[in-house]
Amino acid sequence: MQIMQTAAAAFLIIAAATPTFADDVWHATRTLMPGDTVRSDDVVAHAPVRPVPDAVPASQVVIGLEIKRRLSDGRVLTVRDVGPRSAVKSSTPVNVVWKEGALSLELSGRALEAGAVGDEIRVLNTMTSRTIRGTVVGDGMVEIRSGQ
């Protein structure tokens with residue numbers, strides 16, 4: 001009897017330490033490609049069949065986020081799969097604004113990487129062929145701060 005009680009207590013301790021996978025997480029309802037914006041009909045919430053590290057819980061809002069890598073139909077969304085919408089896409093033209101006090105200079109560039117508002121990205125100055133770094137401040141707009 002004592003052995004059975006000890007085994008039952010050990011099972012309860014192990015069960016309590018094991019995370020539960022009954023919580024609902026987001027699943028893709030169709031194949032989603034990088035750059036797609038998640039719509040309400042692109043995802044469905046239900047419990048995963050097996051544990052998935054970094055799965056996005058159904059309590060987190062994903063509608064309006066951008067897909068960062070290809071997801072096949074039925075796949076569980078992870079934190080690496082979705083993120084804020086990119087305001088600048090890689091290899092696209094951007095307006096670069098350099099400001100210092102009252103002085104402001106605007107030039108054309110080409111984004112060398114994608115970024116959401118607030119991200120620092122590399123930009124090619126198309127006039128000088130030099131690479132500069134700036135902060136994404138809006139759709140197709142990058143700001144260079146004085147001293148960079």
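The values are calculated or read from the model by the stated rules, or taken from the named source; none is laboratory data. Note that the structure is a prediction, hence the values are computed from the model and not measured. Note: ideal-geometry Cβ built from the backbone for every residue, glycine included; neighbour counts use all protein chains shown.
Condition check ((1) outside the structural domain of residue 35 (by TED's automatic domain parsing); (2) within 23 Å of residue 65 (Cα to Cα); (3) modelled with pLDDT under 95; (4) not charged (D, E, K, R)) across all residues:
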{"site": "98", "(1), (2), (3), (4)": "yes, no, yes, yes"}
{"site": "101", "(1), (2), (3), (4)": "yes, no, yes, yes"}
{"site": "104", "(1), (2), (3), (4)": "yes, no, yes, yes"}
{"site": "107", "(1), (2), (3), (4)": "yes, no, yes, yes"}
{"site": "117", "(1), (2), (3), (4)": "yes, yes, yes, yes"}
{"site": "122", "(1), (2), (3), (4)": "yes, yes, no, no"}
{"site": "125", "(1), (2), (3), (4)": "yes, no, yes, yes"}
{"site": "136", "(1), (2), (3), (4)": "yes, yes, no, yes"}
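Every condition in (1) farther than 30 Å from residue 130 by Cβ; (2) aliphatic (A, V, I, L, M); (3) surrounded by 11 or more Cβ atoms within 10 Å (Cβ to Cβ); (4) within 19 Å of the chain's Cα centre (by Cα) is met by residue 47 except one, and the failing one is (4). When 68, 89 are checked against the criterion of being surrounded by 18 or more Cβ atoms within 10 Å (Cβ to Cβ), without any contact (Cβ under 8 Å) to a residue 60 or more places away in the chain and not aromatic (Phe, Trp, Tyr), 68 stands alone in meeting it.
Here residue 56 meets the list (1) within 15 Å of residue 27 (Cβ to Cβ); (2) touching an Asp or Glu at 6+ places or on another chain (Cβ under 7 Å) almost entirely, failing just condition (2). Somewhere in the range 112-135, is a residue without any contact (Cβ under 8 Å) to a residue 24 or more places away in the chain, under 22 Å from residue 35 (Cβ atoms) and of a type in the set (Val, Ile, Thr)? Yes, the range 112-135 contains a residue that is without any contact (Cβ under 8 Å) to a residue 24 or more places away in the chain, under 22 Å from residue 35 (Cβ atoms) and of a type in the set (Val, Ile, Thr). Among residues of the range 44-55 that are without any contact (Cβ under 8 Å) to a residue 40 or more places away in the chain, those with a beta-carbon under 7 Å from a residue that is in a loop (DSSP other than H, G, I, E, B) and of a type in the set (Gly, Ala, Ser) at least six positions away or on a different chain give the pairs 45/58; 47/22. Residue 95 meets all of the listed conditions (1) within 20 Å of residue 32 (Cβ to Cβ); (2) touching a residue at least 24 places away in the same chain (Cβ under 8 Å) but one, namely (1).
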